[in-house]
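Engineer: Mind having a look at this structure? Questions to follow.
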Amino acid sequence: MNAHDTQVRQKALTLLRGGAKNADVARDLGVPAGTISYWKHLDRAKRGECPGAHQSVCPRCEGDLDETAYAYLLGLYLGDGHIIQNRSMRTPSLSVVCTESWPGLMNACESAMRLVFPNNSVCRVRRKGCREIKVYSKHIWCLFPQHGPGKKHKRPIVLESWQRKLVDSHPWEFVRGLIHSDGCRMVNWATRMVRGERKRYEYPRYFFANKSDDIRTLYTDTLDRLGVEWTHCTRGGAPFNISVAKKASVALMDLHVGPKY
């Protein structure tokens, strides 16, 4: 290593010891992130600061699962979430894709992941027009047993008994997660003749669209228990859309769910 490299490395270590993130140091110094990580590891080993083996604790089986956050995260997962573990990954990852135009949703998703997986790091991966909120954990399979090969609408999606009890205890969080993933709050309009004059009326409604019959049923069954009236909004012969348009039901949804932001 030449003198210039030594100076860059020392500057990197100074920044890292001050609490700077690996990615920020790599970007500022123009050094590959892997190199920064390697320098940091060697520096910590030299100073005897390398941590021991990570004690992995399952939040459900051995820990204290945050049920409210989990109910919301379960709804997000059933909508826009996916779980991946390929041959190059020692640990599976749970990801939820959030569009850039809803920063509040990204914050809520990240917060739920941190509460459900308090011993794991949560990151945001930049994608075109969106962010992928991601967490790695060995216990994802235990917490999300609905995972399987292929798309969700092509395989059965059935909650286990412990999940059903949890959703029954926190139904609005589950509904909020489903709406924040595969749903929306929008304003419809219609016209009506009043005293010979056509007038336009606007009214809010909630939509939830998912190709999985099982996931739609989980949504509508929960709405039934909450006293929210809903109808199928069939388009092209496909009953993929669930509509909530009655004034009292929309008011309930506004109180507990609200639009994405």
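The values are calculated or read from the model by the stated rules, or taken from the named source; none is laboratory data. Everything numeric in this text was worked out from a predicted model, so none of it was measured. Quick reminder, even Gly has a Cβ in these numbers, built from the backbone with ideal geometry, and neighbours come from all protein chains shown. To get the accessible areas, we keep the full protein, side chains included, count just its heavy atoms, and leave off ligands, DNA and RNA. Shrake-Rupley method; radii C 1.70, N 1.55, O 1.52, S 1.80 Å.
Engineer: Can you pull out every residue in segment 229-244 that is assigned to a loop (DSSP other than H, G, I, E, B) and out of contact with any Ser or Thr (no Cβ under 7 Å at 6 or more places or on another chain)?
Structural biologist: T234, G236, G237, P239, F240
Engineer: Looking only at segment 194-209, decide whether some residue is within 24 Å of the chain's Cα centre (by Cα) and open to solvent by 90 Å² or more (accessible area, probe 1.4 Å).
Structural biologist: No: zero hits.
Engineer: Looking only at segment 143-156, how many residues end up being at pLDDT 90 or above and surrounded by fewer than 18 Cβ atoms within 10 Å (Cβ to Cβ)?
Structural biologist: Within segment 143-156, residues that are at pLDDT 90 or above and surrounded by fewer than 18 Cβ atoms within 10 Å (Cβ to Cβ) number 3.
Engineer: Determine which member of the set V122, V167, V175 is modelled with pLDDT of 90 or more, open to solvent by less than 20 Å² (accessible area, probe 1.4 Å), of a type outside the set (K, R) and over 17 Å from A71 (Cβ atoms).
Structural biologist: That would be V122, the only listed residue that is modelled with pLDDT of 90 or more, open to solvent by less than 20 Å² (accessible area, probe 1.4 Å), of a type outside the set (K, R) and over 17 Å from A71 (Cβ atoms).
Yes/no per residue for (1) modelled with pLDDT of 85 or more; (2) open to solvent by less than 10 Å² (accessible area, probe 1.4 Å):
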{"residue": "E67", "(1), (2)": "yes, no"}
{"residue": "L76", "(1), (2)": "yes, yes"}
{"residue": "G81", "(1), (2)": "yes, yes"}
{"residue": "R87", "(1), (2)": "no, no"}
{"residue": "L94", "(1), (2)": "yes, yes"}
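Engineer: Please work out which residue is least open to solvent (accessible area, probe 1.4 Å), limiting yourself to segment 212-241 and to residues that are within 19 Å of L78 (Cβ to Cβ) and in contact with a Lys or Arg (Cβ under 6 Å, 6 or more places away or on another chain).
Structural biologist: Ranking the qualifying residues of segment 212-241, first place goes to S212.
Engineer: Looking at segment 176-191, I want the residues that are farther than 12 Å from Y203 by Cβ and have a partner that is in a helix (DSSP H, G or I) and open to solvent by 40 Å² or more (accessible area, probe 1.4 Å) with Cβ atoms under 6 Å, at least 6 apart or on another chain. Which pairs are those?
Structural biologist: S181/D80
Engineer: Turning to a different aspect of this structure: Checking the conditions here, which among E62, E132 is free of Cβ contacts under 8 Å to residues at least 40 places away in the same chain and not in a strand (DSSP E or B)?
Structural biologist: Of E62, E132, the one residue that is free of Cβ contacts under 8 Å to residues at least 40 places away in the same chain and not in a strand (DSSP E or B) is E62.
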